[in-house]
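Enquirer: First the structure, then my questions, so here it is.
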Ligand SMILES: [Zn+2]
């Protein structure tokens, strides 16, 4: 902004004064801008947009029920919306079909994907109309497939970065050779120490987490990180063998726990050195790729269960109709 620009802020018909009144009217009192030239000259469009976005998010959270608040916080977590900026490329495995894209939007917005609650045809639990259950349903291998997709995507990025990564490395804990505490083992992580990355996906909308997830961002991922650290004293045992355990926990609506975010930042620096591409871009592309995999898996899981539920419902209705016809003919 030109520092010599005359704001004429005190003139009632001034357009800038009217715009400022409009913006301030949408903001809480402690976020409003003063109507003097010095204060206004330091404002940027970005800072004003952020204030308006934060005020809108606060209003939405205040008006939402617990489930909607948890969903809003999960969808608003850092990098959770990266799938919307991903290049829709087959070569990068980042393409979503039309049905998948619409399902993703409905999952994020909490809109119904099926007309009424039903039974999950894969595990016989309640399949709610917004497919909250479908995003967390562990049946039919969907969760394992997504886990392996995320693991492999990060593994390939480690190789691109010149890190000698191994998948499912055995014998990391010599006292318990059957256990594999990490899905990816990197013997020389930047900084010198070996790390074992352990991937997991958790739903912020599951009953055990929904209240914490409604109260604070990434609560479900943070809770699962602690489970990973403490489970069978894995973190301590790894440390005794010179390996740092890195819980790589994703939430089903796309956010990643703070441990994973730190790891991606470090991996980004190695990728930047190896490829010459800027750190910001390689990290953004990594999040976009992972975010598409997370959201596509949630969409496919929901669409498949919705289709199976509809088929079951149709078959049940057809069977009832046949019984009625048979009874009438007797
Ligand atoms: Zn199920």
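Enquirer: Which value in Å is the Kirkwood Rh of the range 205-260 over different Cα pairs?
Expert: Radius from the Kirkwood sum: 12.0 Å.
Enquirer: Roughly speaking, what is the centre-to-centre gap between the range 51-68 and the range 175-229 when only Cα atoms are used, to the nearest Å?
Expert: Going from one Cα centre to the other spans 28 Å.
Enquirer: Moving on to the next point. Give me the one-decimal nm value for the distance between modelled label points at residue 62 and residue 126, 7 Å along each residue's Cα-to-Cβ direction.
Expert: Computed distance between label sites residue 62 and residue 126 equals 3.1 nm.
Enquirer: While we're on this one: May I ask for the distance between the Cα centers of the range 74-120 and the range 258-275, given as a whole number of Å?
Expert: Answer, in whole Å: 25.
Enquirer: Under a point spin-label approximation (7 Å from Cα along Cα-to-Cβ), what is the residue 14-residue 55 distance to one decimal in nm?
Expert: So the label points at residue 14 and residue 55 sit 1.9 nm apart.
Enquirer: Between residue 178 and residue 324, take the C-beta separation as r, use R0 = 56 Å, and let me know the FRET efficiency to the nearest 0.05.
Expert: The calculated FRET efficiency here is 0.45.
Enquirer: On to the next question. Name the most mobile residue of 51, 265, 237, meaning the one with the largest mean-square fluctuation, in a Gaussian network model of the chain with Cα contacts below 10 Å.
Expert: Comparing 51, 265, 237 in a Gaussian network model of the chain, the most mobile one is 51.
Enquirer: Add -39500 (n - 2.57) for each DSSP H run of 4 or more in the chain, then divide by its residues: what number comes out at 222 nm, to the nearest 500 deg cm²/dmol?
Expert: Counting only the DSSP helices, I get -17500 deg cm²/dmol.
Enquirer: Could you compute the FRET efficiency for residue 92 and residue 119, with r as their C-beta to C-beta distance and R0 at 35 Å, rounded to 0.05?
Expert: Efficiency for this residue pair is about 0.40.
Enquirer: Also: If neighbour count is taken as other Cβ atoms inside 10 Å, put 203, 129 in order from fewest to most.
Expert: 129, 203
Enquirer: Moving to a separate point now. Using a 7 Å offset from the Cα along the Cα-to-Cβ direction at both residue 215 and residue 99, what is the distance between the two label points in nm, to one decimal?
Expert: 4.1 nm
Enquirer: Report, for the chain, the % of DSSP beta bridges that are antiparallel, rounded to 5. Mind showing how you got there, number by number?
Expert: Numbers: 8 of 17 bridges.
Antiparallel bridges: around 45 percent, rounded to the nearest 5.
Enquirer: Further question on the same structure: Most exposed first by the Cβ proxy, i.e. fewest other Cβ within 10 Å, how do 277, 154, 249 rank? Could the numbers behind the result be given before it?
Expert: Details: 277 14, 154 23, 249 26.
Neighbour counts put them in this order, fewest first: 277, 154, 249.
Enquirer: Expected output is a single nm value to one decimal: the length gained when fully extending between residue 171 and residue 109, i.e. 0.36 nm times separation in residues minus the C-alpha distance. What is it?
Expert: Working it through step by step, the gained length comes to 17.9 nm.
Enquirer: Treat the count of other C-beta atoms within 10 Å as a stand-in for reagent exposure and order 236, 178 from fewest to most.
Expert: Sorted ascending by nearby Cβ count, the order is 178, 236.
Enquirer: If you don't mind, another one. Which shape class, rounded, prolate or oblate, goes with the chain when its Cα gyration tensor gives a ≥ b ≥ c as root eigenvalues, a/c under 1.5 marks rounded, and past that a/b bigger than b/c marks prolate?
Expert: Since a/c reaches 1.5 but b/c is at least a/b, the shape of the chain is classed as oblate.
Enquirer: Applying 1/(1 + (r/R0)^6) with R0 = 35 Å to the Cβ-Cβ distance of residue 239 and residue 281, what FRET efficiency is obtained, to the nearest 0.05?
Expert: It comes out at approximately 0.55.
All of the numbers you see were taken from the coordinates with simple rules; none came from a lab. All figures in this text were calculated on a predicted structure; none of them were measured in a lab. A quick note on method: Cβ atoms are made from the backbone with ideal geometry, for glycine too, and the neighbour counts reach across all protein chains shown.
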